[in-house]
Amino acid sequence: MISNLKYNKILWILVSFLTLTAALTGVFNPLWISQLLPLIQEGRRIESMYSVFILDMCFILPAFVIITIMTVKAKGLGLLLTPTLFINGFALLFSVALGGILKPLYNQAANAGEIWLYLGLSITFLLLTLLYFRNLNIEA
């Protein structure tokens with residue numbers, strides 16, 4: 001069994017990052033909605049970039065909020081889904097960083113700040129996943 005002190009420290013790290021990520025929901029949702037409303041009001045076709053916003057608002061960001069609440073309350077399902085969400089976060093953000101790196105191959109300008117932001121966040125998700133699994137102790 002993980003010692004209580006070590007477990008509490010790991011749980012605090014996970015909950016802190018989950019809370020920060022869930023708080024970003026409060027930033028991204030209004031931002032994305034403000035970009036989508038003019039399109040809807042004008043009856044213009046929503047481009048593929050905006051469909052990513054919609055999927056994130058409907059599934060990914062609510063999942064972060066729900067799992068954060070469940071993890072804070074130390075619910076079993078929240079603790080079980082936390083690494084799954086971190087792996088998902090890594091995969092989604094790393095693909096965006098990789099896309100930014102590959103932009104010059106398609107005659108588009110690469111934005112170094114954007115690449116480092118997404119790469120840093122994806123690596124953070126990966127490290128948290130590894131930390132979680134490293135300290136996981138399953139007893140029969």
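None of the figures in this text is laboratory data; all of them are computed from the coordinates on show. A quick note: this is a predicted structure, and the numbers were derived from the prediction, not measured. Ideal geometry is used to build each Cβ from the backbone, glycine not excepted, and the neighbour counts take in all protein chains shown.
Out of every Cα-Cα pair that the range 4-134 contains, those further apart than 26 angstrom amount to 32 percent. Of all complete DSSP H helices in the chain, those with a Cα span along the helix axis of 20 Å or greater and a mean Kyte-Doolittle hydropathy of 0.5 or more are 4-42, 76-102, 112-134. The count of lysine pairs in the chain with alpha-carbon distances below 23 Å, taking only pairs 8 or more places apart or on different chains, stands at 4. With contacts taken as Cα pairs under 8 Å and at least 6 residues apart, the chain reaches a relative contact order of 27 percent.
When peptides 74-83, 117-126 are sorted by average Cβ neighbour count within 10 Å, with the highest value leading, the order is 117-126, 74-83.
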